[in-house]
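The values are calculated or read from the model by the stated rules, or taken from the named source; none is laboratory data. Remember, it's a predicted structure, so these values are computed and weren't measured experimentally. Because the Cβ atoms are built from the backbone with ideal geometry, glycine has one as well, and the counts that use them run over all protein chains shown. Accessible surface areas use protein heavy atoms only, side chains included; no ligands, DNA or RNA. Shrake-Rupley method; radii C 1.70, N 1.55, O 1.52, S 1.80 Å.
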Amino acid sequence: MTQKKSWYLKISSQDCAPNVILVGDPARLTIFAQLMEHAQEIAHEREFKTITGTYKNVPVSVIAVGIGAPAALIALEELWELGVEVVVRAGTGMSWGVPLGNFILVQAAARNEGISKDYLPLNFPAVPNIELFQTFYETLRREGAPLSCGIILTSDSFYTDLFPHHVEGKHPPRPSKTLLEQYAPFGLISADMETAALYIAAQYLGIKSLSLLLATVDGIHKQMLDNDKRIQKEQELARLTLEGIHHYHTSRER
Ligand SMILES: O=P(O)(O)O[C@H]1O[C@H](CO)[C@@H](O)[C@H]1O
Ligand SMILES: O=c1cc[nH]c(=O)[nH]1
């Protein structure tokens, strides 16, 4: 009998692992596939692309969802329907004071996106699952990865909240200080476009979630990792994410 496939992801519970890694850029799937065993493309529908395989015998699916929280939560809802237990975002982020190329374990995310309020009220905190957080913290420390832990901002609007003056002098007036600039004095270290929504919807649905980011753009100095360095660092991001999931599973088996 053919298994029912989810609406957008076009995958069934048979071809999706209980551990899922969400990425934005579909090019990141190739990087993951090279590190996994038996990685196979399962589906590619619109911006959603899925591969499934194993890493050191732990079953893993990696799914590209494109840019932005609404698409990420379409994927999350469908993964919940398929019975997925763990979702880790392996993404990139704009850094605010974190050196380029560092990894950021997201301890909490400010909810400046529009979708998470449809799941839980705005006074509910966007935080990761503590077991996943601890395990990934241990993994990244063990591996000697350059690591920062902290609070980030999640926003829908890249060109107003994250990168507002990309065409100098040409824009209609905008607020002189972005939210990143306003929150940075109080410990905000990075920004992305999905994490807060993922944390809130995962909490609501009973999925364990965590976000691990690679700092690719320095928001203060307006610099970015060059292409070769970014690819090398994304390879490291993929390996550390897979190691974190492996560590999480082996430590729960004990
Ligand atoms: O590299 P990914 O995972 O896509 O993450 C970041 O990159 C995109 C913006 O450049 C947004 O999706 C943001 O969250
Ligand atoms: O500038 C950046 C880089 C990565 N991710 C973002 O959301 N913004």
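What nm value, rounded to one decimal, do you get for the distance between residue 160 and residue 250 when each label is placed 7 Å out toward the C-beta?
Distance between the two pseudo-spin positions: 4.8 nm.
Rg to Rh ratio, the chain, alpha-carbon atoms and Kirkwood radius?
On the Cα set of the chain, Rg over Rh gives 0.96.
Work out the charge dipole of segment 13-253 with +1 on the Cβ of Lys and Arg and -1 on the Cβ of Asp and Glu about the Cα centre, then indicate which of 30, 101, 237 is farthest towards its positive end.
Going by the charge dipole, the pick is 101.
Measuring from label point to label point, each 7 Å out along Cα→Cβ, what is the residue 186 to residue 204 span in nm?
The two pseudo-label positions are separated by 2.4 nm.
Go through 56/208; 4/56; 5/49; 10/56 and tell me which ones have a Cα-Cα distance over 19 Å in this structure.
Over 19 Å Cα-Cα: 56/208; 4/56; 10/56.
Which value in Å is the Kirkwood Rh of segment 150-245 over different Cα pairs?
Every distinct Cα pair counted, the radius reaches 15.4 Å.
Once you wrap a convex hull around the alpha carbon atoms of segment 1-73, what is its projected area averaged over all directions, in nm²?
4.9
Loop only per DSSP, at most 13 neighbouring Cβ atoms within 10 Å: give me the trypsin sites (Lys or Arg not before Pro) in segment 130-217, ordered by residue number.
Answer by residue number: 170, 177.
Please give the FRET efficiency for residue 229 paired with residue 81, using the beta carbon to beta carbon distance and R0 = 45 Å, rounded to the nearest 0.05.
The computed FRET efficiency comes out at 0.70.
Rounded to the nearest 10 Å², what accessible area does residue 218 show when all protein chains are kept and the probe is 1.4 Å?
Looks like 20 Å² after rounding.
Just grab the label-to-label distance for residue 37 and residue 176, each label 7 Å out from Cα along the Cβ direction, in nm (one decimal).
Computed distance between label sites residue 37 and residue 176 equals 6.0 nm.
With a ≥ b ≥ c the root eigenvalues of the C-alpha gyration tensor of segment 83-132, is it rounded (a/c under 1.5), prolate (a/b larger than b/c) or oblate?
oblate
Grab the DSSP H runs of the chain that are 4 residues or longer, score each as -39,500 (n - 2.57), total them, divide by all residues and round the 222 nm result to the nearest 500 deg cm²/dmol.
Result for the chain, helices only: -9500 deg cm²/dmol.
Between residue 130 and residue 4, how high is the FRET efficiency from 1/(1 + (r/R0)^6) when r is the Cβ-Cβ distance and R₀ = 22 Å? Nearest 0.05.
It comes to 0.10.
Taking 0.36 nm per intervening residue step and subtracting the Cα-Cα distance, what contour gain separates residue 44 from residue 27 on full extension?
That pair, residue 44 and residue 27, stretches by 4.8 nm at full extension.
Using r as the Cβ-Cβ distance of residue 168 and residue 117, and R0 as 30 Å, what FRET efficiency do you calculate, to the nearest 0.05?
It comes out at approximately 0.30.
Rounded to the nearest 10 Å², what accessible area does residue 174 show when all protein chains are kept and the probe is 1.4 Å?
Roughly 80 Å² of residue 174 is accessible to a 1.4 Å probe.
Under a 1.4 Å probe, what is the accessible area of the chain per residue, stated in Å²?
Computed with neighbouring chains in place, this is 47 Å² per residue.
Probe radius 1.4 Å, ligands and nucleic acids ignored: give me the carbon and sulfur share of the accessible area of the chain as a rounded percent.
53
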